[in-house]
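Report on the following structure.
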Amino acid sequence: ALAALSPEIKGANFDSGHNLFHAANCAKCHRLGSEGGAIGPDLSTAGRKFSLPDLMDAMLEPSKAISDQYGSQQLQLSDGRSLVGRVVEIGDELHIYTTDANAAAIVVKKADVEEMKVSPISQMPLGCVDALNQQELKDLVAYILSAGDRNAKVFKP
């Protein structure tokens, strides 16, 4: 993937990148500008914070480095269920957001949790960009790195 994009992204297609941000389900969990979700990190400043190799590493191997702020938990419940997901505490309940970005949170009472520990697996599913061809990957990465700025140099020929 890096070889396909390096050393510098030029001539990417803004509209394709925007569409792919939604079609590849990035927007279900990640915010970029005024669009997207809040389950995963906000990507609005990714272009200022990460180099192209670091961004590609995070996209292709999401479990390699997981922010404490967005990490998942493994829960063992008193009814025998095991759950993995991002946990949000609200009162005496835990709202567990699984890797299925389309699924509603699973809500359990704190008292029903027998064990909770940090999961080594990222919420971001593997293979999110596997179906993209070289041009689509370039368009998506350019869109993220540009923070959705149609006038960014990555979209110039």
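The values are calculated or read from the model by the stated rules, or taken from the named source; none is laboratory data. For clarity, every value in this text was computed on a predicted model and none was experimentally measured. For neighbour counting, all protein chains shown are included, and Cβ atoms are generated from backbone atoms with ideal geometry for every residue, glycine included. SASA here: full protein model, heavy atoms, side chains in, ligands and nucleic acids out. Shrake-Rupley method; radii C 1.70, N 1.55, O 1.52, S 1.80 Å.
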Exercise for the section: Find the residue count for segment 46-63, including only residues that are open to solvent by 40 Å² or more (accessible area, probe 1.4 Å) and over 13 Å from the mean Cα position of the chain (by Cα). Expected result: 6
Practice task
Please list, ordered by first then second residue, the pairs with beta carbon atoms under 8 Å, 6 or more apart or interchain, first in segment 59-78 and closer than 19 Å to T98 by Cβ, second part of a loop (DSSP other than H, G, I, E, B) and among the β-branched types (V, I, T).
Solution key: S63/I121; Y70/I39; S72/I66; S72/I121
Practice task
With the condition kept exactly as written, say whether any residue in segment 96-118 is of a type in the set (D, E), more than 28 Å from S146 (Cα to Cα) and in contact with a helix residue (DSSP H, G or I) (Cβ under 8 Å, 6 or more places away or on another chain).
Solution key: no
Problem - Subset of segment 1-52 that is at pLDDT 90 or above and of a type in the set (F, W, Y) - its residue that is farthest from G71 (Cα to Cα) - result: F14
Handout entry: D139 being under 30 Å from K153 (Cβ atoms), in contact (Cβ under 8 Å) with a residue 40 or more places away in the chain and of a type in the set (D, E, K, R)
Key = yes
Handout entry: Residue list for segment 114-140, filter: exposed (fewer than 15 other Cβ atoms within 10 Å of the Cβ), over 15 Å from N25 (Cα atoms) and out of contact with any Ser or Thr (no Cβ under 6 Å at 6 or more places or on another chain)
Key = E115, K117, V118, P120, N133, Q134, Q135
Exercise for the section: For segment 89-102, name all the residues that are over 15 Å from A24 (Cα atoms) and surrounded by 11 or more Cβ atoms within 10 Å (Cβ to Cβ). Expected result: E93, L94, H95, I96, Y97, T98
Exercise for the section: Kindly list, by first and then second residue, each pair from a residue in segment 115-134 that is charged (D, E, K, R) to a residue that is at pLDDT 95 or above and assigned to a strand (DSSP E or B), limited to pairs with Cβ atoms under 6 Å and residues at least 6 apart or on different chains. Expected result: E115/Q76; K117/Q74
Problem - Scope segment 5-44; condition open to solvent by less than 40 Å² (accessible area, probe 1.4 Å) and either assigned to a helix (DSSP H, G or I) or of a type in the set (S, T, N, Q) (or both); matching residues - result: L5, F14, S16, G17, L20, F21, C26, A27, C29, S44
